[in-house]
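Here the structure is laid out as structure tokens; the discussion comes afterwards.
The values are calculated or read from the model by the stated rules, or taken from the named source; none is laboratory data. Computed from a predicted structure; not experimentally measured. Note: ideal-geometry Cβ built from the backbone for every residue, glycine included; neighbour counts use all protein chains shown. Quick note on the areas: whole protein, heavy atoms, side chains included, nothing else; ligands and nucleic acids left out. Shrake-Rupley method; radii C 1.70, N 1.55, O 1.52, S 1.80 Å.
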Amino acid sequence: MIELCPTANMENALKLGADGVQVATRFVTTYECDANDRYKQAYIDAEEEDIVLVQSPVGMPGRAVKNAFILDKEKDKPENWKCHQCLEKCNPANIPYCITDALVNAVKGNLDQGLIFCGSNAFRAKKLEHVSEIMEEYKKAVRLCAESGITHISNYLLYNGVDFKGKGHDYKADRPEDLYERMHISMDLQEELI
């Protein structure tokens, strides 16, 4: 499994024999994503060299947009910091920060206290777009999969459970029918592949 952004990358990966592709990061810079606009803007403003590997407190590597939080290597534990007991391998006595708090801070727009996890192609995001636009590209890409002999796909589906505002627009929470429509696109394409 490899992470991709442009459709051309997907086609090249398939020609090289990839069994599948992952698309997730791209949905962060959509109007429909409920992350804070500052979080989305961090992706849009990022250059390739700003995407760095980090070691999470639980010992697993990940990619993140370089920011003040990452650059502060001598991080002290915040006062009143307590373990949420959300991860089994987390040892509060040996970690410099709570990963849950760092991720939540970032998504809420508190980027100086937040870890902005991303995929390796986050720097390619240069504008906000609608999920429907990405889904149209997705359909084209899945058809490329079929032409390359890939007959099984899986994907993440975006679902917003609350009303929200973004870039001067008011958005209503997704209805179950909205999720169903996105799932139906995938199911139709799956049937088309086999």
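So which residues in segment 119-128 are open to solvent by less than 20 Å² (accessible area, probe 1.4 Å) and of a type in the set (D, E, K, R)?
none
Mind checking whether some residue in segment 79-98 is at pLDDT 70 or above, surrounded by fewer than 16 Cβ atoms within 10 Å (Cβ to Cβ) and part of a helix (DSSP H, G or I)?
no
So which of 170, 72 is exposed (fewer than 15 other Cβ atoms within 10 Å of the Cβ), out of contact with any strand residue (DSSP E or B) (no Cβ under 9 Å at 6 or more places or on another chain) and at pLDDT 70 or above? Walk me through it before giving the result.
Working: 170 fails: out of contact with any strand residue (DSSP E or B) (no Cβ under 9 Å at 6 or more places or on another chain).
Being exposed (fewer than 15 other Cβ atoms within 10 Å of the Cβ), out of contact with any strand residue (DSSP E or B) (no Cβ under 9 Å at 6 or more places or on another chain) and at pLDDT 70 or above holds for just one of 170, 72, which is 72.
Looking at 116, 134 in this structure, which one is β-branched (Val, Ile, Thr), under 24 Å from residue 55 (Cβ atoms) and either touching a residue at least 12 places away in the same chain (Cβ under 8 Å) or loosely packed, with under 12 Cβ neighbours inside 10 Å (or both)?
116
Go through (1) at pLDDT below 80; (2) not in a loop (DSSP other than H, G, I, E, B) and name the single condition residue 150 misses.
Residue 150 satisfies every listed condition except (2).
Can you tell me which of 35, 8 is part of a helix (DSSP H, G or I) and either at pLDDT below 85 or of a type outside the set (Lys, Arg) (or both)?
8
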